[in-house]
Amino acid sequence: MTIRAIDTTTVNIAADSVQIDAYLAKPLEEGSYPGIIVLQEIFGVNAHIQEVTQRIAKEGYVAIAPALFQRQAPGDGHWLYL
């Protein structure tokens, strides 16, 4: 198992007329990597989901966790801090 250095950031995804926040983690090293979508639990993209996304990226994947319920409550930025 190779643990890679990663970069994390919050990005916005355009979906119809709504911008959906997503937590993105990817290896720092340049290259082509497979991708995985991390689906949140009812509690949103909280610290646990961010940690899962980071672990996947450290294994050599680009991982993204979209705030799935933001479409129902646009602009609700607390998802990142739960």
Single condition T9 does not satisfy, out of (1) more than 14 Å from F69 (Cα to Cα); (2) in contact (Cβ under 8 Å) with a residue 24 or more places away in the chain; (3) assigned to a strand (DSSP E or B): (2)
Here the residues within region 13-31 that are surrounded by 11 or more Cβ atoms within 10 Å (Cβ to Cβ) and farther than 18 Å from Q54 by Cβ are I13, A15, V18, Q19, I20
Considering only residues that are hydroxyl-bearing (S, T, Y) and either without any contact (Cβ under 8 Å) to a residue 24 or more places away in the chain or over 21 Å from F69 (Cβ atoms) (or both), which ones fall in region 12-33? S17, S32, Y33
Could you give me the residue pairs with C-beta distances under 9 Å whose first residue belongs to region 34-55 and is farther than 18 Å from I3 by Cβ, whose second residue is surrounded by 15 or more Cβ atoms within 10 Å (Cβ to Cβ) and of a type in the set (K, R) wherever it lies, and which are 6+ apart or on separate chains? G35/K26
Which one is surrounded by the fewest Cβ atoms within 10 Å (Cβ to Cβ) among residues in region 32-66 that are in contact with a helix residue (DSSP H, G or I) (Cβ under 9 Å, 6 or more places away or on another chain) and part of a helix (DSSP H, G or I)? A47
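Read the figures in this text as sums done on the coordinates, not as results from a lab. Nothing here was measured: the structure is a model prediction, and the numbers come from that model. Here the Cβ is made from the backbone with ideal geometry for all residues, glycine too, and neighbour counts use every protein chain on show.
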